[in-house]
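Asker: Quick one: the structure is below, and I'll ask about it shortly.
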């Protein structure tokens with residue numbers, strides 16, 4: 001506790017020494033490890049809404065623009081293609097791997113800067129900042145296979161991307177460092193082995209994933225469709241590590257927001273923050289599986305955003321069991337291999353509060369279209385020529401019958417039930433990664449159950465006329 005808080009105090013002093021930096025005296029950078037939250041910022045007295053909590057000069061941000069590396073090796077950066085004043089592009093003469101030494105995107109650019117600044121040690125303007133950045137992580141990249149297995153049927157297990165990250169660091173980061181050791185290492189510093197450089201790149205990549213900010217457009221959402229952390233920040237134009245802003249923890253309900261000015265970035269309160277209350281940022285409407293994959297934690301308030309991926313294979317298998325006749329074929333280029341189920345969750349209001357009740361309100365339209373494209377011919381319906389009203393009703397009834405069978409089949413891909421997971425979470429001895437894995441898989445199962453409970457009303461709505469008449473007849477007989 002003592003060393004941890006002492007490091008925080010040293011960092012705060014360093015931050016306040018930055019020209020143009022401000023830090024409200026009613027805030028304290030404190031130890032929240034007892035909550036599993038590392039460092040955090042807490043109000044020591046009431047703070048009104050629309051208060052500037054702290055200000056970070058852009059010059060204090062770790063970025064390509066601010067690092068000396070961009071001047072020493074401009075050619076390696078995506079956005080820096082200009083030559084030095086003397087015509088030197090920063091690459092060694094006769095370099096056969098010049099193409100491989102060019103970094104492919106801003107995320108890698110920042111990794112390279114972070115590796116460089118870290119290796120500079122005392123010579124880096126951000127040495128004190130590096131000392132409060134984490135060395136260990138609970139993101140899925142660092143889980144063992146047995147720990148990953150606790151996620152059971154969650155699709156997030158296939159999105160870790162460690163092997164592709166290893167390959168990228170070995171082919172993109174390692175060659176740059178080794179080709180320019182005179183630049184990357186401070187005078188007299190001990191050289192790292194290849195394995196240590198790759199390990200350092202992993203650490204810096206994890207820090208960037210968890211803490212970096214888009215410096216040009218704070219409203220852009222990150223592309224989260226691709227696997228691993230290699231693509232998570234692809235497409236952003238400029239990224240940086242923002243001291244103090246990344247000390248804030250985050251949740252689905254939050255009370256602060258980072259505003260981007262021309263010369264500085266300012267964290268502002270969205271509503272009154274009471275004494276003792278933590279200042280919280282917002283990472284976006286992320287499901288717990290992505291919180292865990294990218295940031296290494298889970299949150300009950302993010303459960304409203306939980307998602308479940310349902311593969312086309314399990315849907316097609318269900319169709320095959322029900323329809324033996326000739327079925328429609330799908331164009332491979334247009335066929336979706338999987339579908340995401342989610343709730344209608346709304347958006348937080350201007351003060352960071354969720355007022356909308358999250359609820360499952362339907363399956364993806366693309367899912368229905370694909371299913372009907374396949375089952376239509378087996379039902380004697382030409383989907384492409386436009387079915388009539390009665391046929392559309394038949395198709396929808398058949399579609400919901402299929403989904404009614406798919407939901408329990410998808411649930412069966414997990415190794416435990418909702419009830420078993422709920423009992424596990426009641427056990428105070430269940431901790432750390434195991435607890436987070438159970439929490440993620442339970443959230444997905446609850447969503448599948450909600451989706452299953454949505455179906456009976458749809459079956460009733462689209463029930464064929466004959467069944468409706470039989471139902472009315474049965475009611476008359478009961479009377």
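The values are calculated or read from the model by the stated rules, or taken from the named source; none is laboratory data. As the structure is a prediction and not an experimental result, all values here were calculated from the model. Positions of Cβ are generated from backbone atoms using ideal geometry, with glycine treated the same way; all protein chains shown enter the neighbour counts.
Asker: Among the residues in region 328-343, are any free of Cβ contacts under 8 Å to residues at least 24 places away in the same chain and surrounded by 12 or more Cβ atoms within 10 Å (Cβ to Cβ)?
Answerer: No.
Asker: Scan region 335-356 for residues that are in contact with a helix residue (DSSP H, G or I) (Cβ under 9 Å, 6 or more places away or on another chain) and either in a loop (DSSP other than H, G, I, E, B) or under 12 Å from residue 304 (Cβ atoms) (or both) and jot them down.
Answerer: Scanning region 335-356 gives 335, 336, 337, 342, 343, 345, 346, 354, 356.
Asker: Scan region 405-415 and tell me whether some residue there is closer than 22 Å to residue 307 by Cβ, over 28 Å from the mean Cα position of the chain (by Cα) and surrounded by 14 or more Cβ atoms within 10 Å (Cβ to Cβ).
Answerer: Narrowing region 405-415 to residues closer than 22 Å to residue 307 by Cβ: 405-415.
Then keep just the ones that are over 28 Å from the mean Cα position of the chain (by Cα); that gives 405.
Now restrict to residues that are surrounded by 14 or more Cβ atoms within 10 Å (Cβ to Cβ): 405.
Within region 405-415 (the criterion being closer than 22 Å to residue 307 by Cβ, over 28 Å from the mean Cα position of the chain (by Cα) and surrounded by 14 or more Cβ atoms within 10 Å (Cβ to Cβ)), the answer is yes, since at least one residue qualifies.
Asker: To continue, here is another question. Return yes or no: is residue 29 outside any helix (DSSP H, G or I) and in contact with a strand residue (DSSP E or B) (Cβ under 6 Å, 6 or more places away or on another chain)?
Answerer: Details: outside any helix (DSSP H, G or I): yes; in contact with a strand residue (DSSP E or B) (Cβ under 6 Å, 6 or more places away or on another chain): yes.
Yes; evaluated as a whole, the condition is true for this residue.
Asker: Please verify whether residue 202 is in contact (Cβ under 8 Å) with a residue 40 or more places away in the chain, in contact with a helix residue (DSSP H, G or I) (Cβ under 9 Å, 6 or more places away or on another chain) and farther than 23 Å from residue 135 by Cα, treating the condition exactly as stated.
Answerer: Spelling it out, it is not the case that residue 202 is in contact (Cβ under 8 Å) with a residue 40 or more places away in the chain, in contact with a helix residue (DSSP H, G or I) (Cβ under 9 Å, 6 or more places away or on another chain) and farther than 23 Å from residue 135 by Cα.
Asker: State all residues of region 350-366 that are farther than 18 Å from residue 445 by Cα and loosely packed, with under 13 Cβ neighbours inside 10 Å; if no residue qualifies, say none.
Answerer: 350, 355, 357, 365, 366 - these are the residues of region 350-366 that are farther than 18 Å from residue 445 by Cα and loosely packed, with under 13 Cβ neighbours inside 10 Å.
Asker: Can you find even one residue in region 268-277 that is closer than 29 Å to residue 136 by Cβ and modelled with pLDDT of 95 or more?
Answerer: Looking for residues that are closer than 29 Å to residue 136 by Cβ and modelled with pLDDT of 95 or more, one finds at least one in region 268-277, hence yes.
Asker: Right, something else. Restrict the check to region 144-167 and report whether at least one residue is surrounded by 17 or more Cβ atoms within 10 Å (Cβ to Cβ), modelled with pLDDT under 95 and under 23 Å from residue 74 (Cα atoms).
Answerer: No: zero hits.
Asker: Condition first: outside any loop (DSSP other than H, G, I, E, B) and free of Cβ contacts under 8 Å to residues at least 12 places away in the same chain. Now tell me which residues in region 134-156 satisfy that.
Answerer: 145, 146, 149
Asker: I'm checking my understanding of the structure. Among residues of region 279-297 that are buried (at least 22 other Cβ atoms within 10 Å of the Cβ) and assigned to a loop (DSSP other than H, G, I, E, B), which one is farthest from the chain's Cα centre (by Cα)?
Answerer: 279
Asker: Return the total of residues in region 47-65 being in a loop (DSSP other than H, G, I, E, B) and surrounded by 22 or more Cβ atoms within 10 Å (Cβ to Cβ).
Answerer: Going through region 47-65 one residue at a time, the tally reaches 3.
Asker: Here is a further query. Of the conditions (1) at pLDDT 95 or above; (2) in contact with a helix residue (DSSP H, G or I) (Cβ under 9 Å, 6 or more places away or on another chain), residue 49 clears all except one; give me its number.
Answerer: (2)
Asker: Continuing with this model, one more query. Kindly indicate which of 251, 223, 182 is under 30 Å from residue 350 (Cβ atoms), surrounded by fewer than 21 Cβ atoms within 10 Å (Cβ to Cβ), modelled with pLDDT of 95 or more and assigned by TED's automatic domain parsing to the domain that holds residue 75.
Answerer: Values: 223 fails: modelled with pLDDT of 95 or more; 182 fails: under 30 Å from residue 350 (Cβ atoms).
Result of the check over 251, 223, 182: 251.
Asker: Among (1) assigned to a helix (DSSP H, G or I); (2) surrounded by fewer than 19 Cβ atoms within 10 Å (Cβ to Cβ); (3) modelled with pLDDT of 95 or more, which single condition is residue 200 missing?
Answerer: (2)
Asker: Here is a list: 442, 430. Which entry is closer than 23 Å to residue 295 by Cα, over 23 Å from the mean Cα position of the chain (by Cα), without any contact (Cβ under 8 Å) to a residue 60 or more places away in the chain and assigned by TED's automatic domain parsing to the domain that holds residue 357?
Answerer: The unique qualifying residue is 430.
Asker: Which numbered condition trips up residue 34, out of (1) surrounded by fewer than 16 Cβ atoms within 10 Å (Cβ to Cβ); (2) modelled with pLDDT of 90 or more; (3) not in a loop (DSSP other than H, G, I, E, B)?
Answerer: Only one criterion in (1) surrounded by fewer than 16 Cβ atoms within 10 Å (Cβ to Cβ); (2) modelled with pLDDT of 90 or more; (3) not in a loop (DSSP other than H, G, I, E, B) is unmet by residue 34, namely (2).
Asker: Is it true that residue 318 is outside any helix (DSSP H, G or I) and out of contact with any strand residue (DSSP E or B) (no Cβ under 8 Å at 6 or more places or on another chain)? Talk me through it step by step, then tell me what you get.
Answerer: Values: outside any helix (DSSP H, G or I): no; out of contact with any strand residue (DSSP E or B) (no Cβ under 8 Å at 6 or more places or on another chain): yes.
So residue 318 does not fit the description; no.
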